[in-house]
Amino acid sequence: MSRQQNKQTQPPPQTTKVVQQQRNPQPLPPPKQKVFNAEDYAKPPHLTKEEVLEVKQAFDIFDNDGSGAIDPQELREAFEASGIKTYHNKFIYQVLGELDTDNSGGIDFEEFLHLATAKVSDKDTREQIQKVFNLYDWNKEGRITWDELKRVAQDLGEEMTDEEIQHMFKKADLDDDGFVTFDDFYNLMTQKEYGKQ
């Protein structure tokens, strides 16, 4: 074979490099995840930075893979960990469909935060709220005492200090009379304050 024929059969050096790059493509770097900032979601006085961080901790428990969204499998696992058996995928996708407002296929933190902090709307009747109140009013006196609130927290398995229960109680006792009356409870659940109804 002559030198001229040999030169024609070998590809130019640049072509070889391009072919090699196509065969062994470099992996793309993972997309940079936005750094979480609780202040982006806080809406004082109704939602503090600390409350946002608490909701974020709960969200991270469900978001097993750290993708930033709770997918159908993670949602199923969350239900089953809570003792709710999900025999049909239809149930999971119905729940997902109701919560996934942007139709992304998963529940992102903003959607989860909305769910976790949703207040009872005005269409809910006083009777429905009264039923919930009655569950806490162990003595059936029409008011919830600090001891009853502490007992409810213990019965629910909440590991709360007396200071945390006291803080919760003061937040609920809107008229500061030492008891959480039904009116206090109703106003708290509907996010109304005295004088602003």
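The values are calculated or read from the model by the stated rules, or taken from the named source; none is laboratory data. Remember, predicted model here, so these are calculated numbers, not experimental data. When we count neighbours, we look across all protein chains shown, and the Cβ atoms used for this are built from the backbone with ideal geometry, even at glycine. Only protein heavy atoms, including side chains, enter the accessible area calculation; ligands, DNA and RNA are left aside. Shrake-Rupley method; radii C 1.70, N 1.55, O 1.52, S 1.80 Å.
Points to keep in mind about this one:
- Selection status of K119, modelled with pLDDT under 80, open to solvent by 50 Å² or more (accessible area, probe 1.4 Å) and within 24 Å of L53 (Cα to Cα): yes
- Any hit, the stretch 81-91, residues being out of contact with any Asp or Glu (no Cβ under 7 Å at 6 or more places or on another chain) and surrounded by 13 or more Cβ atoms within 10 Å (Cβ to Cβ): yes
- Per-region count, the stretch 168-186, residues open to solvent by 30 Å² or more (accessible area, probe 1.4 Å), part of a loop (DSSP other than H, G, I, E, B) and not hydrophobic (A, V, I, L, M, F, W, C): 4
- Enumeration of residues in the stretch 33-69 that are assigned to a loop (DSSP other than H, G, I, E, B) and either modelled with pLDDT of 90 or more or farther than 19 Å from A118 by Cα (or both): Q33, K34, V35, F36, N37, D63, N64, D65, G66, S67, G68
- Scanning the stretch 147-194 for residues that are under 14 Å from I129 (Cβ atoms), among the polar types (S, T, N, Q) and more than 23 Å from the chain's Cα centre (by Cα), we see that the one that is modelled with the lowest pLDDT is N187.
- R23 vs. criteria more than 30 Å from T117 (Cα to Cα), charged (D, E, K, R) and either at pLDDT 55 or above or open to solvent by less than 90 Å² (accessible area, probe 1.4 Å) (or both): yes
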